Amino acid sequence: MLSACPVALRAGARRVVRRIPARSRAVAVPPALRRARPFSSSASRRTDLSTRGMIVQTLSSVGSKREVQQYLSLFTSVSSQRFAVIKVGGAILTDYLDELCSSLAFLYTVGLYPVIVHGAGPQLNNLLEQAGIEPQFEEGIRVTDAKTLRVARDLFLQENLKLVNKLEEKGVHAQPLTTGMFRADYLNKDKWGFVGKITAVDKQPIETAINNGYLPILTSMAETDDGQILNVNADVAAAELARALEPLKVVYLSEKGGLFDAAGQKISAINLDQEYDHLMSQEWVRYGTRLKIKEIKELLDTLPRATSVAIIHPGDLQKELFTDSGAGTLIRRGNKLLSATSLSEFKDLDALKSALIRDREGPDAEATVDKYLEFLGQNPFKAYYDGPMNALAIVLPESNGPETLATLTITRSGWLTNVADNIFTTLRKEHPKLVWTVREDDENLGWFFDKAEGSLTRNGSVMFWYGIEDSQEVVKLMKDFSQNSRATLGNSNLESRLYPAAKTASRPAAQQARAFSTLARRPALPKFAVNRASTRSYVTQTNPNPPIGKRNASNSQPAKVALIGARGYTGQELIRLLDAHPNMDLCHVSSRELAGTKLEGYNKREVVYENLSPEDVRDMERRGEIDCWVMALPNGVCKPFVEAVYEGRKASNHKGVIVDLSADYRFDSAWTYGLPELVPRANITQATEISNPGCYATAAQLGIAPLVEHLGGMPHVFGVSGYSGAGTKPSPKNDVSLLTDNIMPYSLTGHIHEREVSTQLGAQVAFVPHVAVWFRGIHHTISIPLNKTMTSRDIRQIYQDRYAGEKLVKVVGEAPLVKNISGKHGVEIGGFEVDKTGRRVVVCATIDNLLKGAATQCLQNMNLALGYAEYEGIPVM
């Protein structure tokens, strides 16, 4: 991890670091954290942000803050009972009870509720021997007669109570679930006696315990239909529990802390699709190891591909769950790695092209990738990838030095399923010397340090290498990199060098004559792009260049903004955002009612409200005084001002951007609809007329869009807004006395946002709006018919994949609440409750109508159109 490596990452530094791997020790849980109230996705539990920050800080000593936050987000995105099943062996309860409970207390404090199932085999053997009974096993299964069963039952209850009491001492509410969880038949009564084969799992008591804030603690005892208690192996019980709950993680706690190879080295990870046949052919894979791997494969074959199994020591639970490197042995299905040395070896070139494009923004990304593929078709290379293209690496040979990792693109799924690690393992086997560069602000920098043996930081970039032992070779590499930074590594910088040519080639002649360039507005992407979060293109970094936008390319001054209609709530929110924006200057605000008074809340300069007429706007546009016009006027009012901008353009080469917050141009095909999460961002970057989506419409579209291809009928949206959505002009919809103890429906059919959502999604949607007594925030309850049977987990995964990496969209497990989104700049989507037919899902979405529903989204569009990073000046979620 980066935190374990003494590297000062500073632009311009010339420091060389030899990587010495270090193992992080699991952190002890501070008493304050043990007693802290948990947060969870359940509506009955709330997050204490200061506690969460303390937790993240504490976990950061185990792994990087980025890792901790990512895995916390992943684990809390699913319903609580689907986080993890943890099997605790009897030896753990005897020898490591305190470590186990400390680890579980930490998870509980973080708001994670694993389902615990325990055995007591060693204790049972001791008790039977003390009673003069010789334990008997047939085919590894304990023979259980009536006397053994009676001893086992009493023992299991004692061990369960011991674990529950210890957890309570550490501030964890734990619920003993000792009977009725597992239904079973006799495995073979004549052969094994009272030993059960589980036939069903009752999930309801588990879900009830978690919903009430308790960790469920199960014994591995089962019952027949007529109430006979049966003994069940704890590993078997954990596997059946996992099949019923389909958790993200199945954890087997072991005093050894993992599986070990022939040399006695702990196996870090096993990718079953890639390695199973090879492993099972090895002489050292026998007895218990062979059986364990076989049983885990059989289990994972019945679970979603995202589920993994970990075999770890109880003291390493945090490190295993919250770091990429883990602590024990991680076993997953994974995907087989494929390789290619020519384009003809790719079965699907379109998939290859899509994988390359997903890390590249801008209207010219496709042309850039086409040029890159043309280069690969004419030059030697070797590519490594998995079947779904969740990860793709391309290595280019070098005649006078080490080979270069020229391209690496990894999706969120590829990172979380460790395909990235699989690829790098293969790279080290096949390429003994390798060099690559990464941006200094890359969020995965610690992962790259972990893979490298040396590094050098220079001018915002970090060069990594491994396998280079010759000191002269290292010095030469360092010298070239220090002199030329990213441009030194031969053809590895091909994409950056091709970008301007591809951009020019893809632009029509008329566009080539414009006074700005895409390259100037947004710098060419680095040749080495890693996108951990998404398969879609999105802005992830601040633009270091002066903004150009639609202005003269030589002008390095902040963008000049005029706000027409600044009196309303949305106008006030936008003023606050512009005041914090480092590269925008609010020069004019227009309000007929406030003309002549000083603008409050803007501190960059003194601004006085004006009453600008369309003629004033025309003349200002003609003189090139404004780079962006924001129309924050009621519906049906802004047309004269827009036409004035058009008129001013006729007598000038200047072309200021217009962003209209009303509904007037949302159905005009000449305007660009500005919902960056759903509309190609390249469209917005090239636009000069942008219609800002409506507040209801934004949340509804984001709440429905991932399921459009799965629609089996018309979605119905029940929307409730706070009264700020009714504006500042007095009306029944913003009359607090009328709204108190009340909810007011309006526009029961034909609301403008119903048409807007239906038009943008290309599917008819029914929408009924309501207004309630709170001031700001919208809640949508969306009922969506499906064209096929789907599970809640399937649907949630679709949403997580669709919005992975979107900084202003958060997918949560439970239904989101308005009070939690108020004052926030994004959208929360959750619920995902599927009815008993599997053909209808209810999804909930919340949004602050004044921010992401209006002002924040406006600033996103302004940033994109003017050439700034999309989230510049926006506090992301």
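Quick one: in the range 172-197, which of the residues that are of a type in the set (A, V, I, L, M) and farther than 30 Å from residue 102 by Cβ is surrounded by the fewest Cβ atoms within 10 Å (Cβ to Cβ)?
Of everything passing the filter in the range 172-197, 187 is surrounded by the fewest Cβ atoms within 10 Å (Cβ to Cβ).
Results for (1) modelled with pLDDT of 85 or more; (2) open to solvent by 10 Å² or more (accessible area, probe 1.4 Å); (3) within 19 Å of residue 116 (Cα to Cα), shown as yes or no for each residue.
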{"site": "259", "(1), (2), (3)": "yes, yes, no"}
{"site": "283", "(1), (2), (3)": "no, yes, no"}
{"site": "286", "(1), (2), (3)": "no, yes, no"}
{"site": "297", "(1), (2), (3)": "yes, yes, no"}
{"site": "314", "(1), (2), (3)": "yes, no, yes"}
{"site": "323", "(1), (2), (3)": "no, no, no"}
{"site": "335", "(1), (2), (3)": "no, yes, no"}
{"site": "340", "(1), (2), (3)": "yes, no, no"}
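Condition check ((1) of a type in the set (Asp, Glu); (2) touching an Asp or Glu at 6+ places or on another chain (Cβ under 9 Å)) across all residues:
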| site | (1), (2) |
| --- | --- |
| 95 | yes, yes |
| 103 | no, yes |
| 109 | no, no |
| 118 | no, yes |
| 121 | no, no |
| 126 | no, no |
| 131 | no, no |
| 134 | yes, no |
| 139 | yes, no |
Original post:
How many residues, within the range 199-222, are open to solvent by 20 Å² or more (accessible area, probe 1.4 Å) and out of contact with any Leu (no Cβ under 7 Å at 6 or more places or on another chain)?
Top reply: 9
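Yes/no matrix, rows are residues, columns are (1) touching a Leu at 6+ places or on another chain (Cβ under 6 Å); (2) farther than 30 Å from residue 476 by Cβ:
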| residue | (1), (2) |
| --- | --- |
| 346 | yes, yes |
| 355 | yes, yes |
| 367 | no, yes |
| 372 | no, no |
| 385 | yes, yes |
| 393 | yes, no |
| 401 | no, no |
| 404 | yes, no |
Subject >> All positions within the range 440-452 that are crowded, with 19+ Cβ neighbours inside 10 Å, touching a strand residue (DSSP E or B) at 6+ places or on another chain (Cβ under 7 Å) and touching a residue at least 40 places away in the same chain (Cβ under 8 Å) >> reply: 445, 449, 452
**OP:** Would you tally the residues in the range 625-645 being touching a strand residue (DSSP E or B) at 6+ places or on another chain (Cβ under 9 Å) and either surrounded by 17 or more Cβ atoms within 10 Å (Cβ to Cβ) or without any contact (Cβ under 8 Å) to a residue 12 or more places away in the chain (or both)?
**Re:** 12
Subject >> So residue 646, is it among the hydroxyl-bearing types (Ser, Thr, Tyr), out of contact with any Pro (no Cβ under 9 Å at 6 or more places or on another chain) and assigned to a helix (DSSP H, G or I) >> reply: yes
Original post:
Quick one: residue 753 ticks every box in (1) assigned to a helix (DSSP H, G or I); (2) of a type outside the set (Phe, Trp, Tyr); (3) open to solvent by 40 Å² or more (accessible area, probe 1.4 Å) bar one, so which box is it?
Top reply: (3)
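Let's see how each residue does on (1) polar (S, T, N, Q); (2) more than 25 Å from residue 107 (Cβ to Cβ):
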residue	(1), (2)
186	no, yes
190	no, yes
212	yes, no
240	no, no
Original post:
How many residues, within the range 713-733, are part of a strand (DSSP E or B) and of a type in the set (S, T, N, Q)?
Top reply: 1
Original post:
Do we have residue 409 as farther than 30 Å from residue 248 by Cα and open to solvent by less than 10 Å² (accessible area, probe 1.4 Å) here?
Top reply: no
Original post:
Name the pairs: first residue in the range 779-808 and more than 18 Å from residue 701 (Cα to Cα), second residue hydrophobic (A, V, I, L, M, F, W, C) and open to solvent by less than 30 Å² (accessible area, probe 1.4 Å), Cβ to Cβ under 9 Å, at least 6 apart or on different chains?
Top reply: 790/707; 790/841; 792/832; 792/841; 793/78; 793/832
Original post:
Counting just the residues of the range 363-389 that are among the acidic types (Asp, Glu) and open to solvent by 50 Å² or more (accessible area, probe 1.4 Å), which one comes out modelled with the highest pLDDT?
Top reply: 374
**OP:** Restricting attention to the range 812-844, report how many residues are closer than 18 Å to residue 717 by Cβ, touching a residue at least 60 places away in the same chain (Cβ under 8 Å), of a type in the set (A, V, I, L, M, F, W, C) and crowded, with 18+ Cβ neighbours inside 10 Å.
**Re:** 7
Subject >> Qualifying positions in the range 603-623 - assigned to a loop (DSSP other than H, G, I, E, B) and surrounded by 18 or more Cβ atoms within 10 Å (Cβ to Cβ) >> reply: 607, 609, 612
Original post:
Which residues, taken from the range 342-362, are open to solvent by less than 10 Å² (accessible area, probe 1.4 Å) and either at pLDDT below 85 or in a loop (DSSP other than H, G, I, E, B) (or both)?
Top reply: none
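Which residues, counting only those in the range 677-702, are more than 25 Å from the chain's Cα centre (by Cα), in a loop (DSSP other than H, G, I, E, B) and either among the hydroxyl-bearing types (Ser, Thr, Tyr) or closer than 23 Å to residue 850 by Cα (or both)?
688, 692, 694
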**OP:** Inspect the range 277-290 for any residue being in contact with a Leu (Cβ under 8 Å, 6 or more places away or on another chain) and farther than 30 Å from residue 382 by Cα and give the result as yes or no.
**Re:** yes
**OP:** For residue 169, state whether it is surrounded by fewer than 23 Cβ atoms within 10 Å (Cβ to Cβ) and modelled with pLDDT under 90.
**Re:** no
Subject >> residue 426 being touching a residue at least 24 places away in the same chain (Cβ under 8 Å), on the phi < 0 side of the Ramachandran plot and crowded, with 20+ Cβ neighbours inside 10 Å >> reply: no
Original post:
Within the bounds of the range 622-629, is there any residue that is in contact with a Phe, Trp or Tyr (Cβ under 8 Å, 6 or more places away or on another chain), at pLDDT 95 or above and either closer than 23 Å to residue 692 by Cα or basic (Lys, Arg) (or both)?
Top reply: yes
Subject >> Boolean, residue 142 is closer than 16 Å to residue 222 by Cα and open to solvent by 80 Å² or more (accessible area, probe 1.4 Å) >> reply: no
Subject >> Members of the range 584-598 that are surrounded by fewer than 20 Cβ atoms within 10 Å (Cβ to Cβ), of a type outside the set (Asp, Glu) and assigned to a loop (DSSP other than H, G, I, E, B) >> reply: 592, 594, 595, 596, 597
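The values are calculated or read from the model by the stated rules, or taken from the named source; none is laboratory data. Please read these numbers as outputs of a predicted model, since none were measured by experiment. Methodologically, a virtual Cβ is constructed for each residue, glycine included, from the backbone with ideal geometry; neighbour enumeration extends over all protein chains shown. The accessibility values were calculated without ligands, DNA or RNA, using every heavy atom of the protein model including side chains. Shrake-Rupley method; radii C 1.70, N 1.55, O 1.52, S 1.80 Å.
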